[in-house]
Every structure is written in structure tokens, then in C-alpha cells.
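Beneath this line is the structure, given in C-alpha cells, with notes to follow.
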Amino acid sequence: MLDPKGRVVMLSGASRGIGAAIARKLLAQGYNVSAGVRTPARMAPAPNLFVHAYEAREPQSPREWVAATAARFGRIDALVNAAGINPPAPIEEESEDAIDAMWLVNVKGPLRLCRAALPHLKAAGTGRIVNIASLSGKRVRNVNVGYAMSKFALMALTHGLRRLGDAHGLRVSALCPGFVATDMTLGAQWPREQMSSPDDLAELAEMLIRLPNNATVAELLVNCRVEDTL
């Protein structure tokens, strides 16, 4: 397992939900965390924490955040794409506003961040990318097909990055949970006490970052219930 001390992890969506839990876990383990959030003032100060404005909808925002992180720490060892949105987007809905928004945040945001950080992650020799995807990127079980489309695309990005980074020691994983007890699942038809915990997802994300080059995990599926097809 890799030693977390001194390693620099960029983390989007760090102020809420799964992202906030991952931030807490990484800081507790001794990583240097660069948190990209829409409202930096929402992040409480902490040792080894660098907070920078990040807006997934803006093309230049990933480059600015990556440059600021590299200037602050002198290196980037890992990137966790945890920012995401989930507005309703059923097939028969005429408006495509929700699909467009999810494509920007759930797909193009991670794509642009990975592209901007790739030179640093390749140079690290043990670079890591963890994309917080979803079981909705593996199957379709509800009417919000637009969300599933965005997560299927994120899975494609994950596997493309695995091929691109392999020779450079860059390992890329997709963490695919089902229902997780965050504000995103407040309206879900499943008991919250039976949903996965954000803290448990954070444990798994940190494990994926720490695994050595010869023990990479391409996809890690995590469910709070039995599904016949998974």
C-alpha cells in the first residue's frame, strides 16, 4: 500500500455528501487535500487543506484549479471526481436542460479536470484517479435515464483513462454506489437507514488511492441491496 504522507489529492465536490466524507477521511490519513468547491467559504479550515473555487460548468475552471494546486504543493498525486448532480431527466421530457446540466457537471467536468491534471498525474509514477460514478452507470432501474446516460459516459471516460495512463503508473477506478444517505437521495423510495453511508464510501475511495500499481481496481460496485443483474 502507498504511504499517504505528503501525497496531494485533488477532490471536487468536497463540501457535501460523499465528497465531504472523502475529504474528512483523506485529511485524517495525512494526505494534502486540494478541495475544489463552488463556495470556498463553506469549507472549514484544516491542516493540510487547500481550498480553491471550482465550477464544473466553466471550461477554464479546471485548469485554474490544477495550476493553483501545483503551485501550492509542487505536485499532484491523485484526483477524485466527486462533484455531481441528479435532476430529473426522463426520456419523454421535452426540455433537455437537465440533461445538458448533467453532461456539463457529471461528464465534461471530470473530463476537463482529468485532462488538466494528467501531466502531473503521469509524472507522479503512482498517480490515481477515482471517479465517483454510480450503479446507474452500470444499469437502468428508474425513469431518470438522463442521469444514467451521464454516468455511463463517466464509466467510458474511466476506462479510456485507464488505457491512457497505464504505462505511466496512473491507475484509474470507478467507484459505483447505489443509494447513499446524502441529500441527493432524499426523495428516493428506499429507507435511509438501509442506504450506504458516505463514510463507508470514503473508506473505499481512500483504499483505491492507496493501492499499489499492481493491485488496481477498475470498477468497485457497492450496493445496499441485492440486485439480480449485478
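The values are calculated or read from the model by the stated rules, or taken from the named source; none is laboratory data. Please read all numbers here as calculations on a predicted model, not as lab measurements. Neighbour counts are summed over all protein chains in view; Cβ atoms, including those assigned to glycine, are modelled from backbone coordinates with ideal geometry. When the accessible area is computed, the model is the full protein with side chains, heavy atoms only, and any ligands, DNA or RNA have been set aside. Shrake-Rupley method; radii C 1.70, N 1.55, O 1.52, S 1.80 Å.
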Can you work out which of the residues in region 52-84 that are free of Cβ contacts under 8 Å to residues at least 24 places away in the same chain and not small (G, A, S) is farthest from T126 (Cα to Cα)? E58
Restricting the search to region 174-189, which residues are open to solvent by 70 Å² or more (accessible area, probe 1.4 Å) and touching a Gly at 6+ places or on another chain (Cβ under 9 Å)? D183, M184
Mind listing whichever residues of region 3-28 are farther than 22 Å from P110 by Cα and open to solvent by less than 40 Å² (accessible area, probe 1.4 Å)? P4, G6
Checking A174, A167, A202 in turn, the sole residue that is modelled with pLDDT of 95 or more and more than 24 Å from A21 (Cβ to Cβ) turns out to be A167
Residues of region 17-51 that turn out to be touching a residue at least 24 places away in the same chain (Cβ under 8 Å) and of a type in the set (F, W, Y), as a count: 1
If you go through region 60-70 one residue at a time, do you hit one that is modelled with pLDDT under 95, of a type in the set (V, I, T) and touching a strand residue (DSSP E or B) at 6+ places or on another chain (Cβ under 9 Å)? no
May I ask you to say which residue of P87, P62 is of a type outside the set (G, A, S) and open to solvent by 30 Å² or more (accessible area, probe 1.4 Å)? P87
Of everything in region 95-126, what is open to solvent by 70 Å² or more (accessible area, probe 1.4 Å) and in a loop (DSSP other than H, G, I, E, B)? Give them in sequence order. E96
Looking at (1) more than 18 Å from the chain's Cα centre (by Cα); (2) crowded, with 21+ Cβ neighbours inside 10 Å, which one does Y31 not meet, given that it meets all the others? (1)
Among the listed residues S136, S150, which satisfies the condition of being under 20 Å from V222 (Cα atoms) and open to solvent by 10 Å² or more (accessible area, probe 1.4 Å)? S136
Could you give me the residue pairs with C-beta distances under 8 Å whose first residue belongs to region 130-142 and is more than 16 Å from M102 (Cβ to Cβ) and at pLDDT below 95, whose second residue is surrounded by 24 or more Cβ atoms within 10 Å (Cβ to Cβ) and of a type outside the set (V, I, T) wherever it lies, and which are 6+ apart or on separate chains? none
Residue count for region 136-164, restricted to those that are among the charged types (D, E, K, R) and more than 16 Å from R115 (Cα to Cα): 4
Scope region 6-26; condition under 19 Å from A123 (Cβ atoms) and part of a loop (DSSP other than H, G, I, E, B); matching residues: G6, R7
Look through region 195-230, keep the residues that are aliphatic (A, V, I, L, M) and more than 22 Å from H159 (Cβ to Cβ), and return whichever of them is surrounded by the fewest Cβ atoms within 10 Å (Cβ to Cβ). V226
